[in-house]
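Take a look at the structure set out below.
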Amino acid sequence: MNIKEAKKIIVSLSKPEKMPGFAYGVPAAECKTGSKLRLIPNSVCAGCYALKGNYARFPAIVQAQYKRLESIQDPRWVEAMAVVISSQAVSKHKVFRWHDSGDVQDEAHLEKIFAVCRLTPDMQHWMPTREAWIKDHLQDCPKNLIIRLSMTMIDQAAAGSWPHTSTVVTEGKTCPAPDQGGKCLDCRQCWSSGVSNIAYGKH
């Protein structure tokens, strides 16, 4: 499969301004757990960033997200994603984020992500999630993919039963982005297997 064919299948990648590389976003409105959390005050999803700002301002962004979500059902999607991620334009960044918006839909979706990661061993992948059922599949997770369970409530303690987590806190943040123009710059904590929890400051 050539890069032109692969891009047509996956629709597109996203390129978050703060990130050092590319990402793959699907609609936040289709989050399984997140859709429930949005209705709960003081949850991390109550003011979901992926449902406002540029995500909501430009219809083309939402349309692309829904097309990406649909594309996952294509039997060629795994190969196509691997081809695009392995391309020089993407792979030069060395890191990739799954879901700058949205989340894993089901077990079949997760298995396809695992397959893409195995086909791109030189890329370090990171996937935040609020789908706790994924814990039962961590034994199958490729070594180059860090899955971080995102705690559901503001100031909730990290789940000790997960090897990698993230929290949202009112004090004691460990993510440096707010202090450096809202960008990751040289920080790669989210992708690091050696960092058990990332604490993002509430904003």
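What number of residues within region 113-158 satisfy the criterion of being in contact with a helix residue (DSSP H, G or I) (Cβ under 7 Å, 6 or more places away or on another chain), farther than 29 Å from residue 41 by Cα and charged (D, E, K, R)?
The total comes to 2.
Hey, among 189, 180, which residue is free of Cβ contacts under 8 Å to residues at least 12 places away in the same chain and either hydroxyl-bearing (Ser, Thr, Tyr) or out of contact with any helix residue (DSSP H, G or I) (no Cβ under 6 Å at 6 or more places or on another chain) (or both)?
Only one candidate passes the filter, namely 180.
Considering each residue of region 160-203, count those that are of a type in the set (Phe, Trp, Tyr) and touching a Gly at 6+ places or on another chain (Cβ under 8 Å), and give that number.
0
Would you be able to tell me the number of residues in region 4-59 that are acidic (Asp, Glu) and at pLDDT 90 or above?
2
For region 1-39, give me each residue that is free of Cβ contacts under 8 Å to residues at least 60 places away in the same chain and either in a loop (DSSP other than H, G, I, E, B) or among the β-branched types (Val, Ile, Thr) (or both).
12, 15, 38, 39
Restricting to region 187-201, name every residue that is at pLDDT 95 or above and either among the small types (Gly, Ala, Ser) or over 17 Å from residue 127 (Cβ atoms) (or both). Give the derivation first.
Restricting attention to region 187-201, the residues satisfying the condition of being at pLDDT 95 or above are 187-200.
Selection gives 187, 192, 193, 194, 196, 199.
Here is a check on your reading of the model: is residue 80 small (Gly, Ala, Ser), part of a helix (DSSP H, G or I), closer than 25 Å to residue 140 by Cα and touching a residue at least 24 places away in the same chain (Cβ under 8 Å)? Let's see the steps before the verdict.
Working: small (Gly, Ala, Ser): yes; part of a helix (DSSP H, G or I): yes; closer than 25 Å to residue 140 by Cα: yes; touching a residue at least 24 places away in the same chain (Cβ under 8 Å): yes.
Here the answer is yes, as residue 80 does meet what is asked.
Count, please, the residues in region 139-162 that happen to be farther than 18 Å from residue 188 by Cβ, over 16 Å from the mean Cα position of the chain (by Cα) and not β-branched (Val, Ile, Thr).
So the count comes out to 11.
The values are calculated or read from the model by the stated rules, or taken from the named source; none is laboratory data. Predicted model only: the values in this text are computed from it and were never measured. As a convention, Cβ positions derive from the backbone with ideal geometry for all residues, glycine included, and neighbour counts pool all protein chains shown.
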